[in-house]
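Working notes, beginning with the structure itself.
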Amino acid sequence: MHPVEVIEMVSFYAFFDQTPRGRNRIRLSKTPISMMNGAREVAEAFGQSLGIAMGETSLDGMFTLEWTNDIGMADQEPAALVNGMILTSLTPLDVPGIIAALRHEEDGLGLSSYPPTAAQALKLPKSNVRPSLIQAGPLLTRPVVRARGLKAALAMTPEKVIEEITSSKLRGRGGAGFPTGMKWRLTRKSAGKEHYILCNADEGEPGTFKDRMLLAEFPDLVFDGLTIAGYALGSQHGILYLRGEYAYLWETLQETLRTRRSLGLLGANICGRQGFDFDIRIQLGAGAYICGEESSLIESLEGKRGSPRDRPPFPTERGYLQQPTAIDNVETLICAARILEKGVAWFTSYGTKESAGTKLISVSGDCARPGVYEVPFGVTVSELLDLVGGADAIYVQVSGPSGHSVAPKDFGRSIAYEDLSTGGSTMVFGPQRDVLDVAMQFAEFFVEESCGWCTPCRVGTTLLKQGMEKVLAGRATLSDLSEMEALGQTVVRMSRCGLGQSAPNPILTTMRNFPELYEARLAAVPFTPLVTLHDALREAVAVQGREPLSEET
Amino acid sequence: MVAASFKFNIDGIEVEATEGQSVIEACDEAGIYIPRLCHHPELPPSGNCRVCTCKINGRHSAACVTPAAHGMVIENDTPQLTSDRRAVIEMLFVEGNHPCPYCVASGDCELQALGYRLGMVAPTQPYQWPERKIDATHPDIYLDHDRCILCSRCIRASRMEDGKTVFGFEGRGIAMRLNVDAQGGLGETQMAAIDKAASVCPVACIVIKRHNYQVPNGSRRFDKTPIGSDIEAKRTRRQS
């Protein structure tokens, strides 16, 4: 292996370093939601206590303080990742206690281990992740009995399991909505030495946290679904790709797997079914939104940069290690487990014609009760807002930055694959919020998370952000807006994967749905240069040591 | 065994292809030019630049990485695609530092030639003016990172053809850069001027020292005929 290959991989992930950083890593979640809840004030408190700015390391090498993108805690922001442990609902008043605990830890116990243990987290103030499920529907109504769906599946042939999933009309819950039964059938019939089933728990879309809730509160259902899929595909290997931000779940998930092995729900001849051998391992991500894209996830699992692959070949033919692979969202697998347990008719009795079943919605922002809600497909945005106590919203971002910016005129639209398709993220913004400022933060998010592989996304995301900066500065003209729209559409058409194809959405959809907000910020002139004369002359002024004479004076 | 052959349609023209060919390979053979930048006929395709994006069966896909298939319907030379490709070329111009008038590759540069072919006058997007350093540590080759367009040709050539892994990417997104396999620069790597990786750069990022300006400006490859003319000539010849 060459050093250049190691650097290639390491430099891709936000959680890997090439130079030594602080022994304690404090990463504050930077999202519109965290900012609304006071993340900036918490950051300032940390900065003042440690005497460092964001991105810096203290002189004694004890602390590095930095921003990180959404860590899946939108219902309990401001949140932080500290040495992999999660702190929630932070205020500036919490900061001295956290720093003292970390210093104490440093004196007494040395470096904390990674993934972090619950025992370690107990020593930190605010390391408490509140249960997020607010409203359960048919899918998550308790009691949840381990392995019921699995046992029902094992009583059928694998083909019959796929048939059941197909007739349930289950579609991928990550947002893309690919029919799960078809994915499983394609993977099963592809020839290969091995078949793989991957669970995509790289829940990186800002504003969503329902998969985190499922892994924390319903881990056995997730593993039931993964095992059922393994049986249906003829696979012996299941892998859960867990985003690095959720490393705090590692210990309990491993414990769940151990229990399942001891109960014969994993391993050889599962539940006595001769010849069905299957096991699950967990692999951690390292801070890269793009790895939620299925082909990037595969690359990352293989220990490489998480750049997407070109398709064809599709993962169903050649995926992980070039073998037939199905990748399913956490929620999709839970649906599969419940369909096998409760039957196809039960599942299709909920939802709409094209969107069977229920959907887990992660709600955050300006609402009384943020959290996860299970609702039938077809629910309208205003029904959802009433449910969560967010009726005075002026703007709702459905399906995260890559989704739709919905204005009040469209609150009658419904959550369904055929209308507002969503992975579940729902960010609510009240009348006191600036829609364009939120769109700007989303544009910045895509600049940071573009993988860089292809030109339109790598460069286009930066150009779009610069265009938004000009709008927010009140310097954009009408022609700037039409150019920004054309640029955005080029990025949509020309980018290699879903990230680039959806990165212009926050700008394109706010332009479409809130045109009056853009118009209000326009400069009433036909043209303004991107760079002001003052900025253009800055270097010359510094060299000459004097300001140029202005004509007006 | 002879690979099966089949036909597809591009801009109304029937093209014959064989199993295993990409769309761009089949079109090259048929004398139909699809603008491209990162693709190199002697290297495996990587789909970095996206200039060869066509509308294939109604979906935008890069022709270099899309296997040709029977009955495909492809749009290539349309005003929309030309405009999108020009925008992508502009992005590459503003992302790096590309002073054509005094660049050593002027007239031999595929980026510049595509700019001309696609009708780019001057970039409409803001220049990013990145600060990048020249690596002159190698006795026979210098790396002018200002010109690098991250096409990955040298990375692929070094790994697949030279068996050396001299080049790689570093960082991600807009901060992504070409990196070499030694902290001290190219001079500390196994790179040699005769390597395939030294001859595939489409711009003036990898430049052989002491060999420049032997062909004067005005007499270089793309000074005489537009980029793609060699491919298009195959079809013209066949028709006449």
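Residues of segment A:354-386 being crowded, with 18+ Cβ neighbours inside 10 Å, touching a residue at least 60 places away in the same chain (Cβ under 8 Å) and farther than 25 Å from A:G38 by Cα, which ones?
If the condition is that a residue be crowded, with 18+ Cβ neighbours inside 10 Å, touching a residue at least 60 places away in the same chain (Cβ under 8 Å) and farther than 25 Å from A:G38 by Cα, then A:S355, A:A356, A:G357, A:T358, A:K359, A:L360, A:E374, A:V375, A:P376 are the ones that fit.
Return the residues of segment B:66-87 that are under 15 Å from B:I10 (Cβ atoms) and within 11 Å of chain A (Cβ to nearest Cβ); say none if nothing qualifies.
Result: B:T66, B:P67, B:A69, B:L81.
Return the total of residues in segment A:76-105 being modelled with pLDDT under 90 and under 20 Å from A:Q48 (Cα atoms).
Total meeting the criteria: 2.
How do the pairs read when you match residues in segment B:177-198 that are within 11 Å of chain A (Cβ to nearest Cβ) with residues anywhere that are in a loop (DSSP other than H, G, I, E, B) and among the small types (G, A, S), using Cβ under 6 Å and keeping only pairs 6 or more apart or on different chains?
B:R177/B:G171; B:E188/B:A182; B:T189/B:A182
Can we say A:L508 is in a helix (DSSP H, G or I), at pLDDT 95 or above, more than 12 Å from chain B (Cβ to nearest Cβ) and within 30 Å of A:R309 (Cβ to Cβ)? Please lay out each step first, then the result.
Details: in a helix (DSSP H, G or I): yes; at pLDDT 95 or above: yes; more than 12 Å from chain B (Cβ to nearest Cβ): yes; within 30 Å of A:R309 (Cβ to Cβ): yes.
Considered against the rule, which asks whether it is in a helix (DSSP H, G or I), at pLDDT 95 or above, more than 12 Å from chain B (Cβ to nearest Cβ) and within 30 Å of A:R309 (Cβ to Cβ), A:L508 comes out as yes.
Can you tell me which of (1) touching a helix residue (DSSP H, G or I) at 6+ places or on another chain (Cβ under 7 Å); (2) in a loop (DSSP other than H, G, I, E, B) is the one A:G467 doesn't meet?
(2)
Output the residues belonging to segment B:88-127 that are free of Cβ contacts under 8 Å to residues at least 12 places away in the same chain and either touching a helix residue (DSSP H, G or I) at 6+ places or on another chain (Cβ under 6 Å) or outside any helix (DSSP H, G or I) (or both). It would help to see each step written out before you state the result.
Filtering segment B:88-127 down to residues free of Cβ contacts under 8 Å to residues at least 12 places away in the same chain leaves B:99, B:101-102, B:121-122.
Across segment B:88-127, the qualifying residues are B:P99, B:V121, B:A122.
Could you tell me whether A:Q441 is in the same structural domain as A:A503 (by TED's automatic domain parsing), outside any loop (DSSP other than H, G, I, E, B) and surrounded by fewer than 21 Cβ atoms within 10 Å (Cβ to Cβ)? Walk me through how you get there before you give the answer.
Details: in the same structural domain as A:A503 (by TED's automatic domain parsing): no; outside any loop (DSSP other than H, G, I, E, B): yes; surrounded by fewer than 21 Cβ atoms within 10 Å (Cβ to Cβ): yes.
For A:Q441, the condition - in the same structural domain as A:A503 (by TED's automatic domain parsing), outside any loop (DSSP other than H, G, I, E, B) and surrounded by fewer than 21 Cβ atoms within 10 Å (Cβ to Cβ) - is not met.
Output the qualifying pairs, or none if there are none: Cβ atoms under 6 angstrom, residues six or more apart or on different chains, first residue in segment A:459-472 and facing chain B (nearest Cβ under 10 Å) and closer than 9 Å to B:M91 by Cβ, second residue assigned to a helix (DSSP H, G or I) and not aliphatic (A, V, I, L, M).
A:V459/B:E95
On the given criteria, is B:K234 in the same structural domain as B:G115 (by TED's automatic domain parsing) and in contact (Cβ under 8 Å) with a residue 60 or more places away in the chain?
no
Just to be sure, is A:S450 out of contact with any strand residue (DSSP E or B) (no Cβ under 9 Å at 6 or more places or on another chain) and either more than 8 Å from chain B (Cβ to nearest Cβ) or over 24 Å from A:E8 (Cα atoms) (or both)?
no
Can you tell me which residue in segment A:258-281 is nearest to A:P219 (Cα to Cα), limited to those that are surrounded by fewer than 20 Cβ atoms within 10 Å (Cβ to Cβ) and aliphatic (A, V, I, L, M)?
A:L263
Kindly establish whether A:E56 is over 21 Å from A:Y289 (Cβ atoms), within 14 Å of another protein chain (Cβ to nearest Cβ) and at pLDDT 95 or above.
When the stated conditions are applied, A:E56 does not pass them.
Restricting to segment B:200-220, and then to whatever is buried (at least 16 other Cβ atoms within 10 Å of the Cβ) and away from chain A (no Cβ under 14 Å), can you tell me which residue is farthest from B:C49 (Cα to Cα)?
B:V207
Does segment A:182-192 include one or more residues that are assigned to a strand (DSSP E or B), surrounded by 20 or more Cβ atoms within 10 Å (Cβ to Cβ) and either free of Cβ contacts under 8 Å to residues at least 12 places away in the same chain or more than 21 Å from the chain's Cα centre (by Cα) (or both)?
no
Checking the conditions here, which among A:K126, A:K151, A:K160 is free of Cβ contacts under 8 Å to residues at least 12 places away in the same chain and either buried (at least 18 other Cβ atoms within 10 Å of the Cβ) or assigned to a helix (DSSP H, G or I) (or both)? Steps first, please.
On the way: A:K126 fails: free of Cβ contacts under 8 Å to residues at least 12 places away in the same chain; A:K151 fails: free of Cβ contacts under 8 Å to residues at least 12 places away in the same chain.
The match here is A:K160.
Taking B:H145, is it in contact (Cβ under 8 Å) with a residue 24 or more places away in the chain, closer than 21 Å to A:C451 by Cβ and more than 13 Å from chain A (Cβ to nearest Cβ)?
Values: in contact (Cβ under 8 Å) with a residue 24 or more places away in the chain: yes; closer than 21 Å to A:C451 by Cβ: yes; more than 13 Å from chain A (Cβ to nearest Cβ): yes.
Yes.
If you check every pair at least six apart or on different chains, which have Cβ atoms under 8 Å apart with a residue in segment B:148-175 that is away from chain A (no Cβ under 12 Å) and closer than 26 Å to B:F93 by Cβ first and a residue that is part of a strand (DSSP E or B) and modelled with pLDDT of 95 or more second?
Cβ pairs passing all conditions: B:C148/B:R177; B:C148/B:L178.
So how many residues does segment A:1-13 have that are touching a Gly at 6+ places or on another chain (Cβ under 6 Å), crowded, with 19+ Cβ neighbours inside 10 Å and not charged (D, E, K, R)?
Count: 2.
Quick one: how many residues across segment B:174-221 are at positive phi and not hydroxyl-bearing (S, T, Y)?
Qualifying residue count, segment B:174-221: 3.
The values are calculated or read from the model by the stated rules, or taken from the named source; none is laboratory data. Because the structure is a prediction, the values reported are computed rather than measured. Cβ atoms come from the backbone with ideal geometry, glycine included; neighbour counts cover every protein chain shown.
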